[in-house]
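The values are calculated or read from the model by the stated rules, or taken from the named source; none is laboratory data. Please read all numbers here as calculations on a predicted model, not as lab measurements. Cβ: placed from backbone, ideal geometry, glycine included. Neighbour counts: every protein chain shown. Ligands, DNA and RNA are stripped out before the accessible areas are found, and what is left, the full protein with its side chains, is counted by its heavy atoms. Shrake-Rupley method; radii C 1.70, N 1.55, O 1.52, S 1.80 Å.
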Amino acid sequence: MKLRFKYIGRLLITGILSLAGCTDFLDKEPVDVLTESSILSNQTAFNAHMAYLYNQIPFAERNFKLRNNWLSDFAGDMVNNRLRALASEQYDFNSWKSSYVLIRALNNMIGKLPEAIAFDTEIAKNEALGELRFIRAYVYFTLVQRYGGVPLVTEVQELPESGDVSELNKPRDKAEDIYNFIETEMDAAIGMMSATPSPYRFNKWSGLAFKSQVMLYAASIAKYHEIELDGLIGLPDSKIQHYWEAARDAAKLVIESGVYALYNEDPDKVSNYHKLFMDKSSANKERIFAEGFLYPNKTHEFDLNCAPFNHRGGQGSGGHYNPTYDMVESYEYVDNTNGSLKIKNLDGSPIEYANPADVVKNKEPRFFACVLYPGAPWVGTTLQIYGNIISGGVTSGGTGPDGLTQTEATSTGFYMVKWADFAPPRPITTTSSDVDKMFIRYAEVLLNYAEAQLELGNEPEARKYVNMIRGRVGLQPLASVTVDNYRHERQIELAYEGNRYWDLVRWRKFHEVIYNTKTYALWPVYNKDKNVYTFRKEPLPDNQFTRTFDAKLYYNKIQSGVIASNPLIEENPGY
């Protein structure tokens, strides 16, 4: 049967752009219909189809949809009140159905590629086959991560002669079998893929980086989660050491390759940390794998969504990403690991600040690179954020030009700007931003390596790499590293990048960190009579921002309609 793949022309062009990481393809005529025969016989058509497949990979935070930050302890979408009770509203991070549509497409290409004539050499064909196999393995990881064991399908299922599709039904395979497949398939793919690094395409090095991530996750599940449903959920204790070692070894190969390095191009520690997310040049050796954007062909709206109230674009929609009070306190001071905000004197009276920015004075560089606060400099101005004003001795409700209580302004007193352009080159709109979104970078590989070493009992080796990351931002080295030290460093270094949600899930800490948990704001009061600021720690309304977590949510509910169409599928516990 001849298969036809129909795409919108612009999707092809933007997809190819993100795949290739260059603009060469933009000179080519758009293709709006691809046949299987053209994909297998024409290099341009094959690249177009690969771009389509890459664009379907279910990375949780594609296109800067930073939703899982709203459900962790980092930040919330205060505009849409996204910090709600997780027990009553589970966010579906991934679609079971769409993942299997992608797996079918991958199975088809993997099965047909040996007959392809679209390649100049067998080496190029083999590398492409490695990419396809790696994508499939990663898609299975996103499924087992969210659902536990799932049906393992590695060939295209053809319609039975009887016409009864129920004959194709398969039960869920055990989680251990899925992880075994992922590990074996990733190893095979890594051996096939190109050793030439590219931030936009799977290769040997990005494959190893992601393998370290996957094996770290498996080790945590084996250690911290009990086996349920006869192995559909959970992994055996006997595999714990193997998974830690596999994570360690994969990360070590990336480290020893010398291909990547921590970004250190700017002597200013704040500027350097922010630039590492903005710099797309070859000087940025921290980039391992990213979703590529280039204005005006492929863009996103991060700047629009993060903009402080008084700096919104003409289309509005600012203030979506607001770090919580507790998250801000998690950032250390350069001279003290205790990051508590100094808002009260010893006698309990509020400290008065002539400069509101002094409330975060001496916070470590990563804070200033990622977070805006009352009195922060921003695009030639100073942010004015307060919720009350004292004038003539009378306290009244009041709002600064940049927040606190109006729609599309911060509700916590802070804005998150990790990927924001500090000097926007064009007016802010839904299509004005084009910074890349890194899905894995070298600092994470170092942290993965450190965690595996720490869990395997090699604290000195773990400490070396944790301190390497701390040293990049000018923090003092730790004399020893505990699990809590490590997890704190990971929380801060990878803040808002999508890791925290899954870290809390794999460590089985979500129900402890977020259980009937209030969300707090820094509440500035501007005393106009004295021209000073005082601050309070204020809880946000319970009906909008109190969070909780039911243990069943460590695994997703099977997507609606799946069990009805395949009764062999067993639902996860608690649903």
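Might you tell me the accessible area per residue for segment 112-167, computed with a 1.4 Å probe and given in Å²?
Details: 2550 Å² over 56 residues.
Ligands and nucleic acids excluded, the figure is 46 Å² per residue.
The tail of the calculated P(r) for the chain beyond 48 Å holds 13 percent of all Cα-Cα pairs.
Ligands, DNA and RNA left out, the accessible area of the chain computed with a 1.4 Å probe is 49% carbon and sulfur. Placing +1 on the Cβ of every Lys and Arg and -1 on the Cβ of every Asp and Glu, with no other charges, gives the chain a dipole of roughly 960 debye about its Cα centre. The residues of segment 354-402 present an accessible area of 37 Å² per residue when probed at 1.4 Å with all protein chains retained. Its relative contact order, with pairs defined as Cα atoms under 8 Å and 6+ residues apart, puts segment 472-575 at 20 percent.
What percent does the relative contact order of the chain come to when contacts are Cα pairs within less than 8 Å and at least six residues apart?
On the way: 1064 pairs, mean separation 104.5, N = 575.
After rounding, I find 18 percent.
For Lys342, a cut-off of 17 angstrom between C-alpha atoms picks up these aspartates and glutamates, skipping any fewer than 8 places away in its own chain: Asp326, Glu329, Glu332, Glu352, Asp358, Glu364, Glu538. The local environment of Ala137, defined by Cβ-Cβ distances under 10 Å, has a net charge of 0 under the rule Lys, Arg +1 and Asp, Glu -1. Computed over segment 297-447, relative contact order equals 33 percent, with contacts defined as Cα pairs under 8 Å that lie 6+ residues apart. Over 18 Å apart at the Cα level, from the set Lys252/Lys437; Lys361/Lys530; Lys275/Lys437; Lys275/Lys418; Lys204/Lys418; Lys112/Lys170, are Lys252/Lys437; Lys361/Lys530; Lys204/Lys418; Lys112/Lys170.
Volume per residue for segment 338-492 equals 169 cubic angstrom (convex hull of Cα atoms). Computed over the alpha-carbon pairs of segment 434-496, the distance histogram in 5 Å steps reads 4, 18, 31, 24, 13, 6, 3, 1, 0 percent, short to long. The calculated 222 nm mean residue ellipticity attributable to helices in the chain amounts to -12000 deg cm²/dmol, summing -39500 (n - 2.57) over DSSP H runs of n ≥ 4 and dividing by all residues. Take 238-244, 519-525 and order them by the average number of nearby Cβ atoms within 10 Å per residue, most first; the result is 519-525, 238-244.
Can you tally the net charge around Arg312? Count Lys and Arg as +1, Asp and Glu as -1, for every other residue whose Cβ sits under 13 Å from the Cβ of Arg312. Residues near Arg312 contribute -4 overall.
Whole number in Å², please: accessible area per residue of segment 427-575, 1.4 Å probe, ligands, DNA and RNA not counted.
Working: 5710 Å² over 149 residues.
Dividing the accessible area of segment 427-575 by its residue count gives 38 Å².
With K and R counted +1 and D and E -1, the other residues having a Cβ less than 10 Å from that of Tyr295 yield a net charge of +1.
Label segment 128-232 by shape, choosing from rounded, prolate and oblate, from the square roots a ≥ b ≥ c of the eigenvalues of the Cα gyration tensor; if a/c is under 1.5 it is rounded, and otherwise prolate applies when a/b is larger than b/c, oblate when it is not. Cα axes put segment 128-232 in the oblate bin. For segment 417-575, the dipole from Cβ point charges (+1 on Lys and Arg, -1 on Asp and Glu) about the Cα centre works out to 520 debye, to the nearest 20. In bins 5 Å wide, starting from 0, what share of all Cα pairs of segment 420-575 does each bin hold, as a percent? The percentages, shortest bin first, are 1, 7, 10, 11, 11, 13, 16, 14, 9, 5, 2, 1, 0, 0, 0.
When a/c reaches 1.5 or more, the comparison of a/b and b/c decides; with that in mind, is segment 245-288 rounded, prolate or oblate per its Cα gyration tensor?
Numbers: a/c = 2.87, a/b = 2.32, b/c = 1.24.
Prolate.
Think of the chain as a dipole: +1 on every Lys or Arg Cβ, -1 on every Asp or Glu Cβ, centred on the Cα centre; then among Asn180, Ile389, Ala261, Ile389 lies furthest on the positive end.
Taking the Cα centre as origin and putting +1 on Lys and Arg beta-carbons and -1 on Asp and Glu beta-carbons, what dipole magnitude results for segment 178-298, to the nearest 20 debye? Can you show the working numbers first?
On the way: 13 positive and 16 negative charges, 103 e Å.
Its charge dipole is roughly 500 debye.
For segment 174-295, the Cα-based Rg and Dmax, in that order, read 17.4, 55 Å.
Positive end of the dipole of the chain (Cβ unit charges, origin at the Cα centre): among Gly400, Asn55, Thr412, the Cα lying farthest that way belongs to Gly400. Considering only Pro377, Leu341, Asn107, and ranking their Cα positions along the charge dipole of the chain that arises from unit charges at the beta-carbon of Lys, Arg, Asp and Glu, the one farthest toward the positive end is Pro377.
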